[in-house]
Every structure is written in C-alpha cells, then in structure tokens.
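These notes concern the structure reproduced below.
Laboratory data are not the source of any read-out in this text; all were calculated from the coordinates shown. No experiment lies behind these values; they were computed from the predicted model shown. With ideal geometry, Cβ positions are generated from the backbone for all residues, glycine too; neighbour counts draw on all protein chains shown.
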Amino acid sequence: MDFTFDAEAEKFRAEVRAFIQKNWDPKDFNTDLNVFGYDFDNPEYRDHAHKFQEKLIDQGYWTMSWPEEYGGQAAPLTKQVVYSEELAYAGAPQGTPGGNITGAIMFHGNDDIKSEFLGKMAKNEINWAQGFSEPNAGTDLASLTTRGVEDGDDYVVNGQKIWSSGSHYADWYHVLVRTDPEAPKHRGITYLMMQLKDQDGTQMPGITLRPLYDMFGRRRWNEVFMDDVRVPKRQIIGEVNRGWYAAMTTLNFERAGGTGARNVAVLENFVSLAKRLKFNGEPILNDPLVRHKLADLRIRVETGRMLSLRLIWLQSKGEVPQTESLIANFYGSTMNKFHFWPTLAHILGPYRALLQGEKRSPDNGMYGTNYALSMVTGYAGGGGILLSPNLIAQRGLGLPR
Ligand SMILES: Cc1cc2nc3c(=O)[nH]c(=O)nc-3n(C[C@H](O)[C@H](O)[C@H](O)COP(=O)(O)OP(=O)(O)OC[C@H]3O[C@@H](n4cnc5c(N)ncnc54)[C@H](O)[C@@H]3O)c2cc1C
C-alpha cells in the first residue's frame, strides 16, 4: 500500500511550506499551545495572525476549499489536507474562514445570507462566536432553554449562553434558541445569526457579556445574557424549528479535526530538547525509558494520521464516513488527553510545573501548560468523548443499544 500523496499534492506542499517560511513569523507569541493557542486573548497576537491571514487571502489559499459558486477553487481534498498539515506543522494561524458556521451557511443559508456573509468571510471581515452551550445544556445540547418568540418580522430572544469562546471579540453570534417549547426537544429549535456589535464596535442592545477565565487567567469565554434581543427573521439559518439539523452541520465541521501534523512538530522539538536537557550529566534522550516513551508516542501520532487519511480517502470517493469520522476523532482526542501531553509532561517531572517566562522552564513552559490545557479535550466541540464509543458500537459495529 502506498501512503504518499500524488506528485501534484507534494509539489503543492513544497509551495505552501516555502510560503509559510517566508510569511509566518511566530515572533515571541506562543503558538505552540493547543485550543486556540496560548495567546488567544492577546490583542497583539490576534492582530499579527490577522495580517498573516491577509497574505493567505492575497495568495488565494484562504477560500481555496470553497466551491467555485462561492468564489472558491473547489480544491481537491488532498490539496486541502496538505495545506492544513503545513499550517499546523508550522504552528501558523488558521488558514480558512473562521467560524464553524461556514458549512451551515453553504448548505442551509438562503441566497441573501450566502452572498452577504460568505462574501465578508472570504475577506476575513467577520469574527464569529458560537452560542450553543447553556448552563444546563452541554453534552445534552437539545435541552437548551433560551427562548425565541416571534414578533412581526423579528424573533425576540431571551436567555443565557455559556462558554462562548472569544465572544468578546465577536461581531456576530450563531445561536440556537427554542422557538416551540411544546414540540419534542430536537424539533422546536431555530438557528439564528445574531449581531453582537454594531459597526462602531458597540455591544448591541440587550446583550451582556460576563467573562470566564481559564486556569492561566486568560479571558477565553463569556457567559452571554440576552434580554429582549431582536433578531430579524431573514437571519434564520435553515427553517424555523428545524435548526437542530443545520446545527449538526456546524458540529460536524467543528469536530472534523486534523491529521496531527502539529504533534509531529511538537515531538521533534521535544526530541531536540531531550538532547540538550541533562540528568546526572547525561542527556535525558539517552535514557532507554524516555526513548521508548517517545517512540511509542511517534507511533501513536502516525496511527492517528492514518485514521484521518483513511477518512479523507473515503470522502474523496464521495462517501460520508460517519463511523470512521467518530473513530478518528475519538482516537485523536483520547491520544492527546491521555497519552501525548501526559507523557511529555511526565518525562519532565516537576519541571513541567514551570510555565511561560519562568526561569528553567523547558521550552518556555509549553509542555506543562499544554498538559494542563489538554484536560479540556473532549469537551470543546460538544463533549461526547465518553459517548462516542457507544456511537461507534451502535453505528459502526451494529451492536444493540
Ligand atoms: C475550550 C472550550 C471551548 C468551548 N467553546 C464553546 C463555544 O464557543 N460555544 C459553545 O456553545 N460552547 C463551547 N464550549 C462548551 C462545550 O460545548 C461544552 O463544554 C460541552 O458541550 C460539554 O458540556 P458541559 O461542559 O456542560 O459538560 P456536561 O454535559 O455537564 O458533561 C460533564 C461530564 O459528564 C459526561 N456526560 C454527560 N452526559 C453523559 C451521558 N449521557 N453519559 C455519560 N457521560 C456523560 C461528559 O462526557 C463529561 O465528562 C467550549 C468548551 C471548551 C472546553
């Protein structure tokens, strides 16, 4: 079996790699850290990333994967994979229009929504936030209670969302609201696009954000309170009370994941650290236990990549590989959470507790910080890390409930 990409894709890889080397300078920002990067809440980093993304737009990479009817190039999947692998390997910012909502707009948006929003997203002019989770609706998302009540040409929304990543930077919010409380819980939900800020950056009437911080003190999320917020009906994605189905498109995009190219780069960095770092006068890489652990991780990373490539191969044949997608996602999440970061952190022993900027912190604290952050793996993207084995068993293996 031949696991390489075709010559055209590899030629493209060289082109993208050269482009990134020339145009992406991580500066002192710590882009190695997972879940949006450690500097997610640093306005200077955001500005720096935005400038790089402008270069991706000029180069024609930004919407390369979009269908031609929306101004994209309908690039083959192999090219898309190579592109995202190279960006991930380099620790560069996201290389496609943000907001997991893109697919939902393309599949479920009306023509006005498509032309207005996709047009702006192609120029990276919209910052989206996602308002799905509520205090009592996380893994069981369909329990959401934020209400949308019809009033003339609008819906009037009241309720509270939680864990809305980066919503303090967002201009627009894609949000699920309950529009028919009498219907079965999956059937009474509508998917809306809600403006969070006006052109001047002022919060829209009825919206209140309350910050939530991560364990390193960075403002990552907000609770979002909506009091009589008016949303025009033309901003519905899909159909009234059928929002659940459009929202599943968004979640499928969010959970799609990558091939683990970033982990390959992190592991390479760790190996070079292990050559420099000494214990009792010997580089720790000479310790057979350390070598075995690193070799084991490299194999795990490669296994994850193979599972992702299998998925992509099935997609390229026009299939919709749901079970394979669950398997690749489950493998990637559990690998990161239970093997990758814990192993690197444990090799460093107590030094993993030293964080960015602290004297003697290995590679500026990235392994210990990522180890701590990796605890969230499996929650972001709608939870379900513990539920997916059930789905794999039922849908993939045909086992009874
Ligand atoms: C980094 C990060 C970013 C996020 N960004 C956003 C965002 O932008 N927008 C947004 O809307 N949300 C966001 N979230 C929230 C995320 O979607 C929720 O955390 C997720 O849906 C899980 O919900 P919960 O936190 O309420 O946990 P719960 O649903 O309360 O689950 C808690 C635990 O119970 C387990 N559990 C739950 N139900 C079952 C069951 N039936 N059987 C067995 N075990 C079960 C879960 O697996 C989990 O271990 C983000 C979360 C994180 C960590």
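Look at the dipole of the chain built from charges on Cβ: of Pro181, Ile207, Tyr89, the Cα furthest out on the positive end belongs to Tyr89. Each Cα pair of the range 191-302 feeds into the Kirkwood radius, which the Stokes-Einstein equation turns, at 4 °C and 1.567 mPa s, into a diffusion coefficient of 67 µm²/s. Taking 0.36 nm per residue of sequence separation and removing the Cα-Cα distance, the Val376/Ile299 pair yields an extension gain of 25.4 nm. Per the Debye calculation on the range 83-205 with a single equal scatterer at every Cα and no solvent contribution, log₁₀ I(q)/I(0) for q = 0.11, 0.14, 0.18 Å⁻¹ amounts to -0.44, -0.71, -1.10.
With respect to the chain, whose longest principal axis is taken over its alpha-carbon atoms, helix 77-90 is tilted by about 60°. Extent along the principal axes, Cα only, for the chain: 76, 52, 46 Å, with the longest axis given first. Close amide-amide hydrogen proximity is noted between Thr146 and Gln160, Arg178, each under 5 Å apart and 5 or more residues distant or on a separate chain (H modeled in the peptide plane; Pro and chain starts excluded).
Mean-square fluctuations from a GNM of the chain, with a 10 angstrom spring cutoff on Cα atoms, peak among Gly109, Gly318, Gly260 at Gly318. Shape summary of the range 7-96, radius of gyration then Dmax from alpha carbon positions: 13.4, 40 Å. Suppose R0 equals 35 Å; then what is the FRET efficiency for Arg310 and Gln59 from their Cβ-Cβ distance, rounded to the nearest 0.05? FRET efficiency, Arg310 to Gln59: 0.75.
Counting 0.36 nm for each residue step from His346 to Gln73 and taking away their Cα separation leaves a gain of 93.8 nm.
For the range 158-179, the residues whose backbone nitrogen is under 12 Å from a point 7 Å from the Cα of Thr208, taken along Cα to Cβ, are 159-160.
Computed 3J(HN,Hα) for the range 139-148, one whole-Hz value per residue from the Karplus formula 6.51 cos²θ - 1.76 cosθ + 1.60 where θ = phi - 60°, is 4, 8, 4, 5, 7, 4, 10, 4, 9, x, glycine and proline marked x.
When the chain is treated as a Gaussian network with alpha carbon springs shorter than 10 Å, the biggest mean-square fluctuation among Phe40, Phe132, Phe279 belongs to Phe279. Summing +1 for each Lys or Arg and -1 for each Asp or Glu among the other residues whose beta-carbon sits under 13 angstrom from that of Pro205 gives -2.
Exceedance of the 27 Å cut-off in Cα-Cα distance is limited, within the set Lys27/Lys123; Lys55/Lys337; Lys11/Lys275; Lys79/Lys317, to Lys55/Lys337; Lys11/Lys275. With contributions of -39500 (n - 2.57) from each DSSP H run of at least four residues, the per-residue ellipticity at 222 nm computed over the chain stands at -11500 deg cm²/dmol. Counting charges near Lys22 (Lys, Arg +1; Asp, Glu -1) among other residues having Cβ under 12 Å from its Cβ returns a value of 0.
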